Every structure is written in structure tokens, then in C-alpha cells.
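The next block holds one structure in the form of C-alpha cells; read it before the comments.
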Amino acid sequence: MVHTNLFVLLQMSPHHRLQWKTNWKSLDARPLPTWYDESKFGIFVHWGVFSVPAFGSEWFWWHWQGQNPPDPKCVAYMIENYPPGFTYPEFAPEFHAQFFDPDKWADIFEASGAKYVVLTSKHHEGFTTWPSSYSWNWNSVDDGPHRDLVGDLAEAVRNRSLHYGLYNSLYEWFNPLYLADKKNNFTTQDFVLKKLLPELTDLVLRYKPELIWSDGDWEAPDTYWNSTEFLAWLYNDSPVKDVVVTNDRWGAGCYCKHGGYYNCADKYSPGELPGHKWEKCQSVDTQSWGYRKNIQLSELMDLPSIIQDLVQTVAMGGNYLLNVGPTSDGMIPTVFEERLRDVGGWLAVNGEAIYASKPWRVQTENATVPVWYTSNSKESSVFAVFFTKPHGYTFKLYEPVTTDTTVVTLLGNSGPLRWSPLQPAGLVILLPEIEFSSGQAWTLKLDWVK
């Protein structure tokens, strides 16, 4: 059994005395590899068989045939568009991905300014986007595209020096082994030992992801999933032990408590500066993570909303993982591509306030207009990002304490700006003509302030 194999791997560690033990106290103490916090911005990609019906969300199968009662909209969609008796697995052959060009995708991701990419290797439907030997005839090589989607994108992304991560759902809605364990109140582990752990271990060994975005954990405790055992192997002996980053979805009750960085909940934002590294996952399509055929423009985040969300997340010490859902034929919809490229355009000017930044002593204040602060301690710089164009040419900030060497600039504008100190703290800045920004966000850089 793989449970035993993982245990043997741990015991056969070249150090034998393992640095990271199979308990949360030890695993939670592991420092987060520095690349992750420095990256700040990543792209999430939800792609699978659910991209074929492309109706409702990536939860279509569950809403149609899992929940009780089923979603009447999903039932009606099937009645109106497919013959009686049509089953969800019959969508898989229609997952052609014929236009999937990993290099074009990677070009878009690089142009967005993102530093890492996270692809769904397996969502709750159980279909793997790689040739898993533990998912026979329910993977992207045996069925559908007949391609190793995970592997193809890995090569393209890494050729552009972006970090590559993989999303993996622990549970599978309709897997008989999982349903049997669930019926036994998770006192048996046939699904974990025969399917989940061997598959997840193989995924790591084969593709060496630098991030594992775990999900689908909430129905059972971490002891059922053998999460601490897997993470101990991952951190001690896997080929990515020194660079891999994980999230907090490793069993019921783990959210915001155990793991690497915290997701806490989808689209989570903390009310105050957290004491632990966290990430906000957000989707350009506000109604779904997977592609929807009936998407409406009004349901999409516009560029200013994305930029504001990104800045506020980073100011609060978080990373921002922005999701797009490709079509079943392998295209990133044009409107999603436009959003990503426009984010990259904004970051090309203002990225100094984002990448490798740290939260400042104050995260936000109501100045002339509301501002959000980040800092770069290496250069003694503070950045004040604002989303509203001031009516006049003077701009007051009340929190920074100036010095004799303080220099103020507007990112994207040449030359220092004139300023005068305020008492007891703060300064008033003489602004140049503020140029149009499609992201409706501008950044003041303050060097040598306290």
C-alpha cells in the first residue's frame, strides 16, 4: 500500500532524523520558501471536463446529479441540449483542446506580470489533466485531448522563468472508493491509500510542482487524508522539498490554521493585517472559476477592480491569485486575455510597489484621497497607491514622517516631485498632470521616510 510506501520513504531519508515530523506543530514551523512571498501575483487556471458543458460553474456535475434536489437550471440545460440518458463522462471525448498552445498561454501569463501559474491537475470530478495511472480512462491522455496538459504547460511556463504550481482536489464526488469510505464515516481509507496518495506522490515526482494548491478536503479530517504524512515526505524527501509551497486545505478544520500559507476561504480578505502569510484567490468571472458559455460582460471584474483588489491584498501582506477559465477547445477567452495583459501593463509601471514588497506600519489611510501603502525595506522606500484622481495638484499624506533626504516621485513620471512637510507628521506633495491610467491607480514612491 502507498501508505506503507510513504512511511518507508520517510524512514529511509538520507538524514534519517527527519527535519519535519508528521505532526502539525512541526510542519507549521517550516519557513515558507522566499520565492512565493516575493512573487505576489499568480494566475489560476481552472480547466477540465467541466469546460465542455461550461454551464453554471465547474461544479456542474454535482449540481446536476450530486446534490439533492438537483439544480433545475442544470437539469433543464441537459434536457434541452443533450439526448436522454446522456452521462457526464460522455462530455470527456468533447474535451478536445485542439487549439491549446501552451506557449501562447505562457506568453499571456508572462505578459500579465504574474510570477507563478497554478493549473488544475484534478478537480472534484476526478478527471486528471495528466496521464495518471490511477485514473484509468478518466484522464486527458486516455480520453479527450489525448495530451499531457500538465506536462505541456509546465515546459512552456518554466521556459519563461515562471514558477509552476498544481491544484489538486483531495476528494472526488463520485469515486466509488471515496463514497465507500464516506459511508463508513471515514473509518476506512481505501480511497486515500489506493488512489489519492499514490496519485499525488506520482504527480510530485513527475512534474515537480513548486506549489501544491490543495482543495476538496472539508468532508473529512486531515487524519483520513494522511495529510501530515504526505507533507512530511514532501518537505523532507521529495524532489521539491526546498522550494515547494502549500496552502491550508488539508482536512476539515485546517483552514487558516495549518499548512503553508493560508487561503482561509475562496476570495478571502482579512479585516486587519494577518500574522501569517496568506493568499487571495479571485476569478475574473465573478460567477465561476471554470469557463461558462453564457458569461455576461457585467459579470466580469473590470481592470480597475482587479488592480484595486491586487493592491489591497498585497498591502495586507497577501499574494493575489487571479483565475481564468479556458474553453474546452483550449482557448483563453479574448476578454480574459485582455484583462491579464492590461494588469501586466499596469504592473510594468507600478510593479515596484508590488513585487517583493512588505506591508508598511500602516496599511491604508484617508489622505487627500484614500491610499494603500506598501514598503520595500531594502531601499527604504514606501509606496502610496491611490485609486481616485485628486481634483487639484496638491496631495496630502498624513502618516509618513519625512527626513532631510526624503525624495518623492510618481511612478511612470520622470523626475522628483516638490513637497513640504506637515506637522507633526506627513507631507503635502505638488503633483504633475496625472496621466490617464486604464487601471485607475497611481503610485507615489517616497524614499527615506519613516
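The values are calculated or read from the model by the stated rules, or taken from the named source; none is laboratory data. Quantities reported herein were computed from a predicted structural model and do not represent experimental measurements. Cβ atoms come from the backbone with ideal geometry, glycine included; neighbour counts cover every protein chain shown. Remember, those area values only see protein heavy atoms, side chains included, never the ligands or the DNA or RNA. Shrake-Rupley method; radii C 1.70, N 1.55, O 1.52, S 1.80 Å.
Six or more apart or on different chains, Cβ atoms under 6 Å: show the pairs whose first residue is in region 80-108 and under 22 Å from residue 58 (Cα atoms) and whose second is open to solvent by 40 Å² or more (accessible area, probe 1.4 Å) and in a helix (DSSP H, G or I).
Sorted first by the residue in region 80-108, then by its partner, the pairs are 102/152.
Has region 397-410 got any residue that is without any contact (Cβ under 8 Å) to a residue 12 or more places away in the chain and either open to solvent by less than 60 Å² (accessible area, probe 1.4 Å) or over 30 Å from the mean Cα position of the chain (by Cα) (or both)?
Among the residues of region 397-410, at least one is without any contact (Cβ under 8 Å) to a residue 12 or more places away in the chain and either open to solvent by less than 60 Å² (accessible area, probe 1.4 Å) or over 30 Å from the mean Cα position of the chain (by Cα) (or both), which makes the answer yes.
So how many residues does region 431-448 have that are in contact with a helix residue (DSSP H, G or I) (Cβ under 8 Å, 6 or more places away or on another chain) and either of a type in the set (D, E, K, R) or over 14 Å from residue 397 (Cβ atoms) (or both)?
Residues flagged as in contact with a helix residue (DSSP H, G or I) (Cβ under 8 Å, 6 or more places away or on another chain) and either of a type in the set (D, E, K, R) or over 14 Å from residue 397 (Cβ atoms) (or both) within region 431-448 amount to 7.
So, in region 426-444, how many residues would count as being open to solvent by 30 Å² or more (accessible area, probe 1.4 Å) and of a type in the set (Gly, Ala, Ser)?
Qualifying residue count, region 426-444: 1.
Only one of these is modelled with pLDDT of 95 or more, under 23 Å from the mean Cα position of the chain (by Cα) and on the phi < 0 side of the Ramachandran plot: 348, 384, 356. Name it.
On inspection, the qualifying residue turns out to be 348.
Can you name the number of the only condition in (1) at pLDDT 95 or above; (2) touching a Pro at 6+ places or on another chain (Cβ under 9 Å) that residue 393 fails?
That leaves (1) as the condition not met.
Which condition from (1) farther than 17 Å from residue 439 by Cα; (2) surrounded by fewer than 18 Cβ atoms within 10 Å (Cβ to Cβ) is the one that residue 390 breaks?
Failed condition: (1).
Sort out for me the helices (runs of 4 or more DSSP H) sitting completely within region 127-210 that have 3 or more residues that are crowded, with 21+ Cβ neighbours inside 10 Å.
149-158, 197-207
So how many residues does region 101-126 have that are part of a strand (DSSP E or B), touching a Ser or Thr at 6+ places or on another chain (Cβ under 9 Å) and closer than 23 Å to residue 53 by Cα?
Result for region 101-126: 4.
Can you tell me which residue within region 365-381, out of those that are surrounded by fewer than 17 Cβ atoms within 10 Å (Cβ to Cβ) and of a type in the set (Ser, Thr, Tyr), is nearest to the chain's Cα centre (by Cα)?
The selected residue is 377.
Go through (1) more than 25 Å from residue 21 (Cβ to Cβ); (2) of a type in the set (Lys, Arg); (3) crowded, with 20+ Cβ neighbours inside 10 Å and name the single condition residue 249 misses.
Going through (1) more than 25 Å from residue 21 (Cβ to Cβ); (2) of a type in the set (Lys, Arg); (3) crowded, with 20+ Cβ neighbours inside 10 Å one by one, residue 249 breaks only (1).
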